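Working notes for the structure below.
The values are calculated or read from the model by the stated rules, or taken from the named source; none is laboratory data. Fair warning: this is a prediction, and the values are worked out from it, not measured in the lab. Note: ideal-geometry Cβ built from the backbone for every residue, glycine included; neighbour counts use all protein chains shown. Ligands, DNA and RNA are excluded from the accessible area calculation, which covers all protein heavy atoms including side chains. Shrake-Rupley method; radii C 1.70, N 1.55, O 1.52, S 1.80 Å.
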Amino acid sequence: MTAEGPWEIPPLDDAPDIARATEPEPRITLADARNWPGFVLLIIGGLVAIAAAVIGVVGFPGAAFIFALVAIAASLSGVALVLFERRGHRPQPRGPESSPWQSTIPPGA
C-alpha cells in the first residue's frame, strides 16, 4: 500500500464487478446471500400451508387452523425480510472524481 491508496487490478475478462454495482440486477438476486433468510421463510410458509391443507382434509380443523396461522406468519415475515433487504442496503452513489478502478500500476514504477 502506498500513500496514494491501495492498488487494484481490474478484471481481465471484462466481467462486471458486482461488488461495485449501483443497481441490483434481477439475475443476481438469488446470488445475494442477504435475501436467503427471507426465501427460507417463504419456503417454510409454503410447506406449512401444504401441511395445513393435508391436516384439514384428514379431519383435524383445529390443528389445520393453527398450521395455517403459522404458514401465514412465516410467509409474511419472509416477504418483509426480502423487501427490507432489497430496499435497505443501496450503495451510495460515487462522486464524479472517483473512478471504479484505481490505477493498476503507479506512475513512474
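Could you give the accessible area per residue of region 41-80, probe 1.4 Å, as a whole number in Å²?
Here the residues of region 41-80 average 63 Å² of exposed surface.
Quick one: net charge around L81, please, counting Lys, Arg +1 and Asp, Glu -1 for every other residue with C-beta under 12 Å from its C-beta.
That sum, taken over residues with Cβ under 12 Å, equals +2.
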